[in-house]
Amino acid sequence: IIMKTCLRFWSILLLTFFVLSCNRPNDGMVRGRKAIAALMDSAECTMDDNPAYADSLMRSIDPRSIITKKQRARYALLYTATEYKNDQTFTSDSLIMEAVRYYSIRNNIDYRFLSYYYLGCVYLVMNQLTDASIAYSQAELLVDKIDNYYWKGLLYTHLGIIYNQFCFYSRALEYFCLSYKYYMSTEKNLHKYHSLRWIAQTEINLENYHEADSVAQLVQDWAYENNDLSLYKTAINT
């Protein structure tokens, strides 16, 4: 009797395992809290230097398998960030708003800053400039509480772009100068010279043509030395 009971137990266990294995999707998507966390760690570490790879990592996650609010918020933030860095089009703010709502009442200041920043980026892509400026302004309230100079440079660059669009050129120039200042404290040479390119363009808008020519020449020289044809053409046309 004991032998029959044991056999019945193992038969049921094996049958259950077989059924679960058959029902598990075999679509290459990543599931499971620890696996997803590891993947997001990798995406976050590589998104600045290799955004295409980071985006592929985030796209391999099955969002339906994320069950905690904390991990869902991080997924929403990192997915939006990698999509933006890969020039993807946005038609809704619904995903990034999950991150904004979560981090706005949490003590993670870095993620709160980034959630507002990427909310602004989404609105900028959607050409909702007023909404973008409000989101960036919320991020600016936190700028003194973060230590990452690269993030500060990104924020001030985008605030400059917004104010240029609104034709507030003097304010835009202030922001572009701040972005250049913070990029100078990083190793982001391309970002530094893009800030200078924006400064030159804004000086033209302010009809300060001599200053614009001097700054544009710096950009042209660096772009030529580094074989950056796109930036060189932009500086030439400034």
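Each residue of the stretch 90-101 in order: what ³J(HN,Hα) in whole Hz does its phi give by Karplus 6.51 cos²θ - 1.76 cosθ + 1.60, θ = phi - 60°, with x for Gly and Pro?
For the stretch 90-101, the Karplus-derived couplings read 10, 10, 7, 9, 5, 6, 5, 5, 4, 5, 4, 4 Hz, x marking Gly and Pro.
Can you list the HN-Hα couplings for the stretch 132-145, worked out from phi with the Karplus curve (6.51, -1.76, 1.60; θ = phi - 60°), rounded to whole Hz and with x for Gly and Pro?
Result, ordered by residue: 4, 5, 5, 5, 5, 5, 5, 5, 4, 4, 9, 5, 7, 9 Hz.
Using amide H atoms built in the peptide plane, which far-off residues or other-chain residues are under 5 Å from Val30 H to H?
Residues meeting the amide H criterion: Ile61, Asp62.
How much accessible area per residue does the stretch 105-238 have, counting only protein heavy atoms and a probe of 1.4 Å, in square angstrom?
52 Å²
Quick one, which of (i) 98, 40, 31; (ii) 59, 46, 41; (iii) 74, 36, 28 is the actual Cα extents along the principal axes in Å calculated for this model?
Structure-derived value, by its label: (i).
Using a 1.4 Å probe on the protein chains only, how many percent of the accessible area of the chain belongs to carbon and sulfur?
54 percent
Of Lys152/Lys181; Lys145/Lys188; Lys188/Lys233, which pairs sit farther than 18 Å apart, going by alpha carbon to alpha carbon?
Exceeds cut-off: Lys145/Lys188; Lys188/Lys233.
What number, in percent, do you get for the relative contact order of the chain if the mean sequence gap of Cα pairs under 8 Å and at least 6 apart is divided by its residue count?
Result for the chain is 9 percent.
Could you go through the stretch 213-221 in sequence order and give the Karplus-derived ³J(HN,Hα) for each residue, using 6.51 cos²θ - 1.76 cosθ + 1.60 with θ = phi - 60°, rounded to whole Hz, and x for Gly and Pro?
Result, ordered by residue: 5, 5, 5, 4, 5, 4, 5, 4, 4 Hz.
So which lysines pass the test for Lys69, namely a Cα distance under 16 Å, with those fewer than 8 places away in the same chain ruled out?
Lys34
Taking the Cα centroid of the stretch 171-238 and of the stretch 123-164, what is the distance between the two, rounded to the nearest whole Å?
Answer, in whole Å: 19.
The values are calculated or read from the model by the stated rules, or taken from the named source; none is laboratory data. Everything quoted here is computed from the prediction, not taken from an experiment. With ligands, DNA and RNA removed, areas are computed over all heavy atoms of the protein, side chains included. Shrake-Rupley method; radii C 1.70, N 1.55, O 1.52, S 1.80 Å.
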